[in-house]
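K.L.:
There's a structure below that I have some questions on.
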Amino acid sequence: MSWGSELWDQFDNLEKHTQWGIEYVEKYTKFVKERSEIEISYAKQIRNLSKKYQPKKNSREEEESKYTFCRAFLTTLNELNDYAGQHEVIAENLTSQIITELSRYLQEIKSERKSHFHDGRKAQQHIESSWKQLESCKRRFERDCKEADRAQQYFEKMDADINVTKADVEKARQQAQMRHQMAADSKGDYSSYLQKFNQEQNEHYFTIIPNIFQKLQDMEEKRIERLGVCMQTFAEVDRQVLPIVGKCLDGMTKAAESIEPKTDSKQVVESYKSGFEPPGDVEFEDYGQAMKRTASETSLSNTREAKEKPAGKSKGKLWPFIKNKNKGSGPEDFSHLPPEQRRKKLQGKLDELNKDIQKEMDQRDALTKMKDVYVKNPQMGDPASVDPRLSEIGQNIEKLQFEVQKFEGWLAEVEERMPSKSDTHRRSGLYETQNNTTVGNNCAQDRESPDGSYTEEQNSETQVKANINPIPNPNPTSTTPEFDDEFDDEETLPTIGTCKALYPFEGHNEGTIAVAEGELLYVIEEDKGDGWTRVRRNEDEEGYVPTSYVEVFLETNAKDS
């Protein structure tokens with residue numbers, strides 16, 4: 001159906017309708033713009049969320065990366081970041097394919113509509129002007145007819161009056177003829193203009209206005225079609241990113257499926273395994289008879305009293321090293337760590353050093369090749385300009401190699417002390433050579449590791465000794481004086497400083513001493529590198545405490561010595 005034929009008299013309504021159509025496009029454009037802003041805001045929030053939970057560059061986060069569930073979460077965060085990027089793509093495409101296009105189209109359609117209605121108003125004004133002229137011709141014709149009729153009546157009246165002169169009658173007749181002629185002329189003008197007006201009116205309502213309305217109809221249909229295309233694009237912009245969004249989600253699913261509880265459980269062992277062996281049974285000490293009292297914690301007792309001793313009390317004795325809280329990063333050789341953890345740290349340090357050496361060597365090779373090129377082609381550069389850098393790299397490599405040797409020495413040292421290093425060999429040797437080891441020697445060994453757990457050899461020795469010679473020495477007095485002498489020698493050690501206990505230490509193990517937090521003690525022997533310091537409370541009480549449990553204040557002469 002055509003607007004021109006059906007709506008020929010609805011100029012004002014069409015003007016309102018087309019204006020509403022343009023406003024609707026503006027409304028839809030605003031809608032898409034707000035949707036785009038939501039996508040940008042959503043993408044930003046998703047990116048910030050992903051960034052917020054990304055692991056930081058610290059040792060704790062590096063530890064977390066060992067676990068499959070932590071790596072899976074990291075993958076999820078990275079995929080989520082890519083997912084946010086797809087929402088940014090949606091916003092960009094909405095802007096470029098809809099908002100920008102519709103904004104330009106709105107300017108065009110507004111200009112086109114204005115032009116069409118300008119032509120319509122011009123045609124309307126013309127036909128209205130013609131109508132007014134027709135009305136003017138009609139009124140003039142009507143007036144002239146009335147004037148002619150009055151002049152005719154006046155002439156007839158004068159002609160019938162005998163008192164009027166002939167001259168007056170002739171004058172009245174001429175006036176009547178003139179009025180009739182004017183009426184006839186007005187009739188001709190009116191008739192002619194009426195014909196002209198009808199032609200213009202016909203052209204106006206059947207040609208000019210229909211053409212203008214047809215253009216408006218075409219414009220309106222194109223507007224609707226354009227809006228439909230934009231609505232399709234609105235959906236298509238989303239659909240285009242679905243494959244990539246799907247890949248992001250697939251990545252998250254794959255990451256979740258990669259989680260391995262057993263592997264993570266095994267990693268806990270790798271992360272926290274100390275390398276120590278659990279303490280053996282605590283020996284039964286019978287004060288009812290003068291029997292040999294060994295310093296070994298792993299000696300077995302088959303007496304009923306030992307078996308009935310409450311297990312709860314021994315729990316505190318088993319792990320004195322658990323409370324050994326190291327302050328700061330610890331010594332360079334990681335000696336503050338348990339054997340297994342120390343071995344892992346040293347191996348990691350060696351790997352880092354070897355990587356650094358490889359980097360330096362790669363740089364040296366590259367500079368050497370550059371120098372060769374300069375030697376063969378002096379115009380490309382001065383060979384001597386490379387020498388300072390080569391010398392610097394050589395020094396760096398020497399330093400790094402020295403560091404490698406140092407850490408390899410520490411690693412070899414700790415690996416020799418690991419339980420996996422041929423325990424049976426050490427035990428067989430002990431069987432042959434230390435069957436009759438004196439108590440005094442045991443005390444000396446205990447000074448190196450009072451709890452019997454830090455040095456693995458000592459643990460092996462005491463276990464073998466306990467298995468070999470479980471029966472008390474029939475002549476305990478032969479060893480007692482030696483033990484007393486050793487103890488007397490230890491008592492005579494002078495104090496070399498004082499210390500303050502930072503943490504409570506139960507000191508249940510042989511050779512250790514219990515201390516309370518904040519307690520002040522005398523230092524009689526410094527830490528020899530095994531993590532223990534020998535202290536004295538009074539003449540009768542002395543023993544070893546973990547070095548990291550106390551704050552030591554050595555006397556000046558002790559420090560100088």
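K.L.:
Given the criterion open to solvent by less than 100 Å² (accessible area, probe 1.4 Å), more than 30 Å from His17 (Cβ to Cβ) and not small (Gly, Ala, Ser), identify the matching residue among Arg143, Arg179, Arg139, Arg150.
P.N.:
Residue meeting the stated conditions: Arg179.
K.L.:
Applying the selection to segment 4-18, what residues are open to solvent by 80 Å² or more (accessible area, probe 1.4 Å) and hydrophobic (A, V, I, L, M, F, W, C)?
P.N.:
Matches in segment 4-18: Trp8 only.
K.L.:
Considering only residues that are among the small types (Gly, Ala, Ser) and without any contact (Cβ under 8 Å) to a residue 12 or more places away in the chain, look in segment 92-123 and name the one that is surrounded by the fewest Cβ atoms within 10 Å (Cβ to Cβ).
P.N.:
The residue in question is Ser111.
K.L.:
Taking segment 247-288 as the region of interest, how many residues are over 25 Å from Lys345 (Cα atoms), small (Gly, Ala, Ser) and modelled with pLDDT under 90?
P.N.:
Qualifying residue count, segment 247-288: 2.
K.L.:
Going by the structure shown, is Phe276 open to solvent by less than 70 Å² (accessible area, probe 1.4 Å), part of a helix (DSSP H, G or I), out of contact with any strand residue (DSSP E or B) (no Cβ under 6 Å at 6 or more places or on another chain) and more than 30 Å from Trp3 (Cα to Cα)?
P.N.:
Against the criterion (open to solvent by less than 70 Å² (accessible area, probe 1.4 Å), part of a helix (DSSP H, G or I), out of contact with any strand residue (DSSP E or B) (no Cβ under 6 Å at 6 or more places or on another chain) and more than 30 Å from Trp3 (Cα to Cα)), Phe276 does not qualify.
K.L.:
Still on this structure: Run Ile224 past the list (1) surrounded by 14 or more Cβ atoms within 10 Å (Cβ to Cβ); (2) over 21 Å from Leu80 (Cβ atoms); (3) of a type in the set (A, V, I, L, M, F, W, C) and report the number of the one that doesn't hold.
P.N.:
So the condition that Ile224 fails would be (1).
K.L.:
Next question. Could you look through segment 384-427, keep only residues that are open to solvent by less than 60 Å² (accessible area, probe 1.4 Å), part of a helix (DSSP H, G or I) and modelled with pLDDT under 80, and pick out the one that is nearest to Ser335 (Cα to Cα)?
P.N.:
Val414
K.L.:
Residues that are more than 30 Å from Ile212 (Cα to Cα): which helices (runs of 4 or more DSSP H) entirely in segment 1-103 hold 1 or more of them?
P.N.:
11-52, 59-64, 68-94
K.L.:
If I filter segment 157-207 down to residues being of a type in the set (Asp, Glu) and at pLDDT 90 or above, which single residue comes out as nearest to the chain's Cα centre (by Cα)?
P.N.:
Glu203
K.L.:
Find all pairs meeting these conditions: Cβ atoms under 8 angstrom apart; at least six residues apart or on different chains; first residue within segment 166-178 and more than 21 Å from Arg143 (Cα to Cα) and in contact (Cβ under 8 Å) with a residue 12 or more places away in the chain; second residue in a helix (DSSP H, G or I) and of a type in the set (Phe, Trp, Tyr).
P.N.:
Final answer for the pair search is Val169/Phe155.
K.L.:
For segment 251-264, check the following and say yes or no: at least one residue is touching a helix residue (DSSP H, G or I) at 6+ places or on another chain (Cβ under 9 Å), in a helix (DSSP H, G or I), closer than 30 Å to Arg343 by Cβ and not charged (D, E, K, R).
P.N.:
yes
K.L.:
Which residues, counting only those in segment 1-40, are aliphatic (A, V, I, L, M) and closer than 22 Å to Ser115 by Cβ?
P.N.:
Within segment 1-40, Leu7, Leu14, Ile22, Val25 meet the criteria.
K.L.:
Also: For the structure I just gave you, tell me whether Tyr83 is crowded, with 17+ Cβ neighbours inside 10 Å and touching a residue at least 40 places away in the same chain (Cβ under 8 Å).
P.N.:
Judged against the criteria, Tyr83 is a match.
K.L.:
Report, by residue number, each residue of segment 527-540 that is under 18 Å from Thr495 (Cα atoms), in contact (Cβ under 8 Å) with a residue 12 or more places away in the chain and either surrounded by fewer than 16 Cβ atoms within 10 Å (Cβ to Cβ) or of a type in the set (S, T, N, Q) (or both).
P.N.:
Lys528, Thr533, Arg537, Glu539
K.L.:
Please verify whether segment 489-505 includes one or more residues that are under 25 Å from Arg342 (Cα atoms), assigned to a strand (DSSP E or B), open to solvent by less than 50 Å² (accessible area, probe 1.4 Å) and modelled with pLDDT under 90.
P.N.:
Yes, segment 489-505 has at least one match.
K.L.:
Can you find a residue in segment 507-526 that is assigned to a loop (DSSP other than H, G, I, E, B), surrounded by fewer than 21 Cβ atoms within 10 Å (Cβ to Cβ) and in contact with a Ser or Thr (Cβ under 7 Å, 6 or more places away or on another chain)?
P.N.:
yes
The values are calculated or read from the model by the stated rules, or taken from the named source; none is laboratory data. Fair warning: this is a prediction, and the values are worked out from it, not measured in the lab. Neighbour counts run over all protein chains shown; Cβ positions are idealised from the backbone, glycine included. Heavy atoms of the whole protein, side chains included, go into the accessibility calculation; ligands, DNA and RNA do not. Shrake-Rupley method; radii C 1.70, N 1.55, O 1.52, S 1.80 Å.
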